[in-house]
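Read-outs: derived from the displayed coordinates by stated rules, not from any lab. Quantities reported herein were computed from a predicted structural model and do not represent experimental measurements. Here the Cβ positions follow ideal geometry from the backbone for every residue, glycine too, while neighbour counts run over all protein chains shown.
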């Protein structure tokens with residue numbers, strides 16, 4: 001089993017790599033080789049006895065995709081992307097990476113003719129307001145950001161390439177990942193994590209939107225689980241609609257804060273400072289809230305059952321069980 | 001008023017050009033110039049006193065789009081496309097014209113910075129089975145052909161470019177055009193017209209699918225009306241969901257044949273020969289049947305009221321009122 005991960009130096013990429021190394025196998029086959037690429041050189045995973053090829057490259061550069069798949073990977077996890085806030089402020093960069101880079105990778109795979117399993121990380125940003133409170137699997141894709149547009153376009157291309165037999169694709173619309181460890185990234189959704197992460201680490205966090213904002217969350221641990229589950233899905237069971245909205249926890253910012261208070265106490269929850277930001281509010285207002293992801297649930301995808309559980313995963317996986325109260 | 005038409009030598013392009021020349025104005029402004037392009041040189045319209053620039057070019061060639069918009073058109077009708085059957089059998093050509101050509105045109109417009117009204121002819125092929133019997137405006141786009149994929153991708157790009165203010169876009173999902181005059185083209189939907197057109201001209205027609213196949217039709221005259229109506233739509237009224245499913249006549253092949261019999265008699269209807277074609281049947285099985293196009297109706301788009309009326313339009317516009325019985 002040879003696995004390619006693009007965006008391997010990112011938060012999810014690193015966690016996925018670590019989990020694969022820990023598991024030692026994917027889809028019941030021993031992992032012999034990992035090819036890892038990102039805009040910076042991904043770290044070589046510790047404790048892995050197989051071959052590792054790790055290199056820095058721009059996925060939107062014509063030479064990158066052929067190089068990335070030269071070793072004929074059996075499974076590709078395509079995580080590389082410019083995040084939503086940056087794709088909105090730097091239009092050219094978003095198009096270059098999210099649209100052209102993804103297309104180049106799909107075309108390189110098509111030319112090679114090996115038909116690997118291609119797991120594409122899409123996003124719930126393919127949906128745009130107005131929508132019903134509970135969004136069904138059949139709802140249209142009318143994104144209100146360039147990021148969502150680029151993800152929706154690649155979903156379409158992935159489905160056509162899969163239908164034509166060029167690749168064995170699965171697109172997964174990840175919920176917003178919460179709690180993201182480390183420093184904030186440029187995603188407009190960053191505050192959903194900051195308001196949990198910073199208070200738990202003894203720091204102040206800024207909340208740029210109203211408490212009533214509702215959103216759809218899953219932990220990094222769940223996200224890695226989604227990716228691995230997607231890699232093993234049976235194509236026949238999946239059918240032609242290969243792009244899936246994944247399960248998550250739907251809750252308001254107020255419910256997030258209440259969960260934080262239950263788990264870490266009033267003093268921690270008091271570290272959230274309200275500072276409305278019109279740009280962030282405008283972007284988030286166009287985002288979906290809750291889904292009814294029946295297909296993904298029927299296909300065995302599993303998220304957390306509550307936001308409390310999402311916080312506990314963060315405390316376990318990132319803080320060694322310790323909260324700065 | 002300066003108008004650019006791509007695909008101007010095609011059936012709809014020629015009829016649109018003739019109608020614009022006859023009207024003399026668009027959106028209440030006198031038409032001073034027409035720029036016409038296609039893979040063959042479009043005919044210069046008769047009876048037009050304004051300037052005409054007419055040239056042959058490949059829209060997927062990097063030089064074509066900048067040349068086409070060099071005269072800074074106020075309204076662009078982007079009709080150029082490789083049809084469904086050909087985009088399925090010649091994948092590279094479909095991508096080159098339908099995806100890359102359209103994107104190049106949008107990018108040329110973005111660079112020029114004039115923000116013209118950009119009417120894009122999309123297709124109901126952006127929908128893919130399974131769907132409900134009556135498809136609502138909010139239904140997802142899961143095309144089952146490369147043609148439908150390419151159209152759906154450009155719809156997304158057009159919406160994002162419109163949202164960002166690069167262009168003032170309207171995408172219209174045309175019903176299948178019926179009755180197409182002239183010779184059959186390579187569209188998999190060609191038989192929907194042949195079974196009416198050929199018998200009315202005294203010739204045999206081949207029906208490659210079952211009589212129970214249901215489809216969504218509008219006449220060439222209605223299609224030209226749709227395009228002109230789209231050019232004049234108020235952006236504020238349109239809102240962010242700029243791609244619209246248009247009204248049409250939903251009926252079965254059996255109902256088409258019954259209408260032909262009512263208008264032209266048994267002898268004409270008997271000229272239809274059944275010859276099932278698995279490839280055509282497979283493509284058509286993935287196509288939608290009937291729509292509930294509330295938004296387009298509310299925005300004033302109008303199609304025929306019955307298939308009888310569609311046949312009468314053909315007899316009037318193409319046959320000078322004469323049927324070979």
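Just need a number here: residues in segment B:93-143 that are assigned to a loop (DSSP other than H, G, I, E, B) and out of contact with any helix residue (DSSP H, G or I) (no Cβ under 9 Å at 6 or more places or on another chain). First the steps, then the outcome.
First, pick out the residues of segment B:93-143 that are assigned to a loop (DSSP other than H, G, I, E, B): B:113-116, B:127-133, B:137-138, B:140-143.
Within this subset, residues satisfying the condition of being out of contact with any helix residue (DSSP H, G or I) (no Cβ under 9 Å at 6 or more places or on another chain) are B:113-114, B:130-133, B:138, B:140.
The number of residues fulfilling the criteria is 8.
Tell me the residue from B:7, B:94 that is touching a residue at least 40 places away in the same chain (Cβ under 8 Å), buried (at least 20 other Cβ atoms within 10 Å of the Cβ) and at positive phi, please.
Numbers: B:94 fails: at positive phi.
The unique qualifying residue is B:7.
This table checks each residue for (1) within 20 Å of residue A:175 (Cβ to Cβ); (2) in contact with a strand residue (DSSP E or B) (Cβ under 6 Å, 6 or more places away or on another chain).
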site	(1), (2)
A:237	no, no
A:243	yes, yes
A:247	yes, no
A:252	yes, yes
A:256	yes, no
A:259	yes, no
A:265	no, no
A:268	no, no
A:274	no, yes
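Evaluate the following for residue A:254: is it crowded, with 19+ Cβ neighbours inside 10 Å, in contact (Cβ under 8 Å) with a residue 40 or more places away in the chain and part of a helix (DSSP H, G or I)?
Numbers: crowded, with 19+ Cβ neighbours inside 10 Å: no; in contact (Cβ under 8 Å) with a residue 40 or more places away in the chain: yes; part of a helix (DSSP H, G or I): yes.
Judged against the criteria, residue A:254 is not a match.
Residues being surrounded by fewer than 17 Cβ atoms within 10 Å (Cβ to Cβ) and part of a loop (DSSP other than H, G, I, E, B): count how many of those fall in segment B:35-63.
Going through segment B:35-63 one residue at a time, the tally reaches 13.
Could you say which residue among B:129, B:108, B:152, B:112 is under 29 Å from residue B:26 (Cα atoms) and within 13 Å of chain A (Cβ to nearest Cβ)? Before you say what the answer is, go through the steps one by one.
Numbers: B:129 fails: under 29 Å from residue B:26 (Cα atoms); B:108 fails: within 13 Å of chain A (Cβ to nearest Cβ); B:112 fails: within 13 Å of chain A (Cβ to nearest Cβ).
Result of the check over B:129, B:108, B:152, B:112: B:152.
Is it true that residue A:201 is more than 9 Å from chain B (Cβ to nearest Cβ), within 30 Å of residue A:323 (Cα to Cα) and in contact with a helix residue (DSSP H, G or I) (Cβ under 6 Å, 6 or more places away or on another chain)?
Details: more than 9 Å from chain B (Cβ to nearest Cβ): yes; within 30 Å of residue A:323 (Cα to Cα): yes; in contact with a helix residue (DSSP H, G or I) (Cβ under 6 Å, 6 or more places away or on another chain): no.
Answer is no for this residue.
Would you be able to tell me the number of residues in segment B:133-149 that are surrounded by fewer than 22 Cβ atoms within 10 Å (Cβ to Cβ) and more than 7 Å from every other protein chain (Cβ to nearest Cβ)?
5
Tell me which residues, restricted to segment B:234-249, are surrounded by fewer than 21 Cβ atoms within 10 Å (Cβ to Cβ) and closer than 17 Å to residue B:120 by Cβ.
So in segment B:234-249, the residues surrounded by fewer than 21 Cβ atoms within 10 Å (Cβ to Cβ) come out as B:234-241.
Answer for segment B:234-249, where residues must be surrounded by fewer than 21 Cβ atoms within 10 Å (Cβ to Cβ) and closer than 17 Å to residue B:120 by Cβ: B:235, B:238, B:239, B:240, B:241.
Does residue A:71 satisfy the condition of being touching a residue at least 60 places away in the same chain (Cβ under 8 Å) and under 20 Å from the mean Cα position of the chain (by Cα)? Show your work before the answer.
Values: touching a residue at least 60 places away in the same chain (Cβ under 8 Å): yes; under 20 Å from the mean Cα position of the chain (by Cα): no.
So residue A:71 fails the test.
I'd like the full set of residues that are in contact with a helix residue (DSSP H, G or I) (Cβ under 8 Å, 6 or more places away or on another chain), free of Cβ contacts under 8 Å to residues at least 60 places away in the same chain and in a loop (DSSP other than H, G, I, E, B), limited to segment A:144-195.
Across segment A:144-195, the qualifying residues are A:164, A:184.
How many residues, within segment B:288-321, are within 17 Å of residue B:123 (Cα to Cα) and touching a strand residue (DSSP E or B) at 6+ places or on another chain (Cβ under 7 Å)?
Result for segment B:288-321: 9.
Look through A:167, A:75, A:82 and report the one residue that is out of contact with any strand residue (DSSP E or B) (no Cβ under 9 Å at 6 or more places or on another chain), over 28 Å from residue B:137 (Cβ atoms) and buried (at least 19 other Cβ atoms within 10 Å of the Cβ). Can you show your working first?
Values: A:167 fails: out of contact with any strand residue (DSSP E or B) (no Cβ under 9 Å at 6 or more places or on another chain); A:75 fails: out of contact with any strand residue (DSSP E or B) (no Cβ under 9 Å at 6 or more places or on another chain).
Just one listed residue meets the conditions, A:82.
Within segment B:25-34, does at least one residue satisfy the condition of being surrounded by fewer than 18 Cβ atoms within 10 Å (Cβ to Cβ), in a helix (DSSP H, G or I) and touching a residue at least 60 places away in the same chain (Cβ under 8 Å)? Spell out the reasoning first.
Our first condition is that a residue be surrounded by fewer than 18 Cβ atoms within 10 Å (Cβ to Cβ); within segment B:25-34, this holds for B:25, B:27-30, B:32-33.
Filter again for in a helix (DSSP H, G or I), leaving none.
The answer is no, given that none of the residues of segment B:25-34 is surrounded by fewer than 18 Cβ atoms within 10 Å (Cβ to Cβ), in a helix (DSSP H, G or I) and touching a residue at least 60 places away in the same chain (Cβ under 8 Å).
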